[in-house]
Amino acid sequence: MLCCQSTVALKGSEVPVTKFNGKNGLDVVCLTVSMFATNCYLVFCTETREAVVIDPGANGKGIIEKVKSYGLSIKYIINTHAHVDHIGANGKIKETFKVPILLGEKDLQIYEKPAFGLSLFFKKQPKPDRLISEGTRISFGRVYLDVLETPGHSPGSISLLSENAVFCGDTLFSGSIGRTDLPGGSHEQLIKSIHEKLLVLQDHVVIYPGHGPITTPGNEIFANPFIDLSG
Ligand SMILES: [Zn+2]
């Protein structure tokens, strides 16, 4: 196990929940939502319970229930990118907690015109309130997340970095990498982002991807078949 982790038993239609102790006063709850099993993260300051919601892809009701059960005060909704399975419950969360939606500035076009041809299944979401870019610091309680631009999966894909954690959306997965065949995707850019922004992080930084299990830079350098450090 990479860090202190516990998975909570499920009841009925509840969303699957995994709780991580992210260290240095930052806690992480992962909720698995949408038909694509998107990881929606509640990231919060252990001391003040101020929090952000990263990628509320669907199941707004389930997410809201968890926010309440953990006693969190939501400050922002942040999307790692604008694909429908990462933004589908933005509206519901915004309406409930009256908080702004933050999105990487280069993904605005995708946000306004969702790909996948799945617009029928996903309601149009309220516009982002703030466009963010490399170096933006998002503070809540006594903790923060810094924006790293990690284009490739989409032009405006971002990762969010704290001292011991990085939330990388669909840029890098445990044992795999993000797809680049959707509008605005670029394999070359994706590989560059992974190498220059994620694999350079120290190994105590836990990688929280947009789908699937957590990992670390060291694990991916060692075991990810898509990563080649020889050339
Ligand atoms: Zn995506």
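Values in this text are rule-based calculations from the coordinates and carry no lab data. Here the structure is a predicted model, which means the values were calculated and not measured. When we count neighbours, we look across all protein chains shown, and the Cβ atoms used for this are built from the backbone with ideal geometry, even at glycine.
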Sort His211, His195 so the one with the fewest other Cβ atoms within 10 Å of its own Cβ comes first.
His195, His211
Expressed in nm², what is the orientationally averaged projection area of the convex hull enclosing the Cα positions of the chain?
11.7
Here the gain from full extension of Glu134 to Arg49, 0.36 nm per residue of separation minus their alpha-carbon distance, amounts to 28.0 nm
Using only alpha carbon pairs under 8 Å that are at least six residues apart, calculate the relative contact order of region 14-223 and give it in whole percent.
16
So how compact is region 34-145: Cα radius of gyration and Dmax in angstrom?
13.4, 42
Pop the C-beta distance of Glu196 and Tyr144 into the FRET formula with R0 = 25 Å and round what comes out to the nearest 0.05.
0.70
Set of lysines near Lys106 by C-alpha distance (under 23 Å), chain-local residues within fewer than 8 positions excluded
Lys75, Lys94, Lys123, Lys124, Lys127, Lys192, Lys197
Helix-only [θ] at 222 nm, the chain, -39500 (n - 2.57) per DSSP H run of 4+, per residue, nearest 500, equals -4500 deg cm²/dmol
Two-site label geometry, Ile221 and Ser174: point separation in nm, points 7 Å out along Cα→Cβ
2.0
For 58-68, 145-155, 175-185, 41-51, ranked highest to lowest by mean beta-carbon neighbours within 10 Å, the order is 145-155, 41-51, 58-68, 175-185
